[in-house]
Amino acid sequence: MIAEPFGHYLSRLGIADPGEPSAEALSALQRAHLERIPYENIGVQLGRPPGIEPELSARRFAAGEGGYCFHLNGGFAALLEALGYDVTLHVGGVHQVPEGRGANGNHLALTVRVGGEGWFVDAGLGDGPHEPLPLRAGTYRQGPFTYRMEPSATEPGGWRFHNDPGSSFPVMEFAGRPATMADFAEEHVRLSTASDSPFMTTFAALRRDAGGVDLLRGRMLQRIDAAGRTERVLDSADEWYAVLANRFGRNLDGLDGTDRAALWERVTRAHETWLASAGEAAAAG
């Protein structure tokens with residue numbers, strides 16, 4: 001029997017029996033993780049960023065919360081290790097330029113060896129692959145999205161992942177050398193507290209499934225799938241919280257009335273700033 005908190009973590013994933021380590025079981029675990037544990041930054045937005053210790057993340061997931069890459073991949077790595085998988089953590093970097101900029105430390109990536117083959121495994125990109133990708137150069141199709149893997153030109157032994165062209169970022173690159181959670185502690189503090197951090201300036205929640213991606217950025221709800229992109233603005237706090245609970249699967253029991261009011265006010269203020277900047281850009285154009 002698997003030790004706690006990993007048993008409850010598996011229950012959150014809806015997996016009663018994960019089976020022995022295999023490529024098929026690994027894929028099932030990643031799919032379930034992406035579908036049931038959202039990428040989200042509620043704690044950061046409220047000024048209470050959760051720590052990134054893997055066991056803490058596992059307990060938070062079991063309780064219905066999510067997180068960003070240091071939480072999601074840190075906790076997932078610990079679960080996989082508890083299930084007998086050969087897991088390696090890597091320092092990575094998510095970039096908004098297609099050529100990449102190396103492993104700058106703003107992302108935690110995972111590789112897993114099982115059945116004699118290496119896999120790129122990631123539950124912390126938000127709109128990344130639904131299933132693991134082979135650590136082989138090539139192009140891979142999953143549902144409506146196309147991904148590409150190639151050896152990194154700047155990180156010895158590392159890899160460069162090219163996201164689908166319609167996704168939120170084009171490239172994530174990670175180093176070949178193994179890392180530990182301590183390698184991400186300083187960057188976690190920066191991302192969760194610095195005034196210019198995107199986790200501080202913008203609320204985001206993402207959930208990946210076999211057919212596409214749900215994305216809530218501020219008050220803008222989007223769905224990206226084979227039909228294209230649809231979006232609408234959520235006009236009330238009640239609707240916004242209902243979407244978080246029902247579409248993204250985020251347990252909101254830990255948020256009292258003060259928290260809910262503060263978070264909605266912050267999201268609304270950011271939305272109004274965005275509308276103003278969009279209007280200014282349109283007028284200038």
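Please state the equivalent ellipsoid semi-axes for the chain: what are the square roots of 5 times the Cα gyration tensor eigenvalues, largest first, in whole Å?
Working through the eigenvalues yields semi-axes of 29, 23, 18 Å.
Nearest 0.05, what FRET efficiency do Asp238 and Thr273 give at R0 = 30 Å with Cβ-Cβ as r?
0.85
Give, in nm to one decimal, the length gained when the segment between Asn246 and Val97 is fully stretched (0.36 nm per residue of separation minus the Cα-Cα distance).
Taking 0.36 nm per residue and subtracting the Cα distance, the gain is 50.3 nm.
Helix-derived [θ] at 222 nm for the chain: sum -39500 (n - 2.57) over DSSP H runs of at least 4, divide by residue count, nearest 500?
Taken over the chain, the calculation gives -10500 deg cm²/dmol.
Among 133-139, 196-202, how do they line up from the highest to the lowest mean number of other beta-carbon atoms within 10 Å?
196-202, 133-139
Which listed residue (Leu10, His33, Val44) has the Cα farthest towards the positive end of the charge dipole for region 1-93, taking +1 on Lys and Arg C-beta and -1 on Asp and Glu C-beta about the Cα centre?
Looking along the dipole axis, the top candidate is Val44.
Charges at C-beta only: +1 for Lys and Arg, -1 for Asp and Glu. How large is the resulting dipole of the chain about its Cα centre, in Debye rounded to 20?
Computed about the Cα centre, the dipole is about 360 debye.
Roughly how big is region 195-284's charge dipole about its Cα centre, with Cβ charges of +1 (Lys, Arg) and -1 (Asp, Glu), in debye to the nearest 20?
280 debye
Quick one: if you stick a label point 7 Å off each Cα along the C-beta vector at Gln142 and Glu24, how many nm between them?
Calculated label separation equals 1.9 nm.
Starting from the Cα gyration tensor of region 23-116, multiply each eigenvalue by 5, take the square root, and state the resulting semi-axes largest first in whole Å.
Calculated on Cα positions only, the semi-axes equal 21, 20, 12 Å.
On a C-alpha basis, how far is the centre of region 229-247 from the centre of region 103-161 in Å? Whole number, if you could?
Here the answer is 31 Å between Cα centres.
What do you get when you divide the Cα radius of gyration of region 6-45 by 2.2 N^0.38 Å, with N the number of residues?
Against the empirical 2.2 N^0.38 Å value, I get 1.35 for region 6-45.
Which helices of the chain meet both criteria: a Cα extent of 18 Å or more along the helical axis and a mean Kyte-Doolittle score no lower than 0.0, with helices taken as whole DSSP H segments?
Helices meeting the span and hydropathy rule in the chain are 69-82.
Extension gain Arg48-Arg260, at 0.36 nm per residue separation less the Cα-Cα distance, in nm?
75.0 nm
Which value, to two decimals, describes the C-alpha radius of gyration of region 195-284 once divided by 2.2 N^0.38 Å?
Here the answer is 1.17, to two decimals.
Excluding Glu265 itself, what net charge comes from residues whose Cβ is under 13 Å from its Cβ, given Lys and Arg +1 and Asp and Glu -1?
+2
Out of residues 5 or more away from Arg250 or on other chains, whose amide H comes under 5 Å of its own, with H placed 1.01 Å from N in the peptide plane?
Ala245
Bear in mind these aren't lab numbers, they're just calculated from the coordinates by the rules spelled out. Since the model is a prediction, treat every value here as computed from it, not as a measurement. Every residue, glycine as well, gets a Cβ built from its backbone with ideal geometry; the counts of neighbours run over all protein chains shown.
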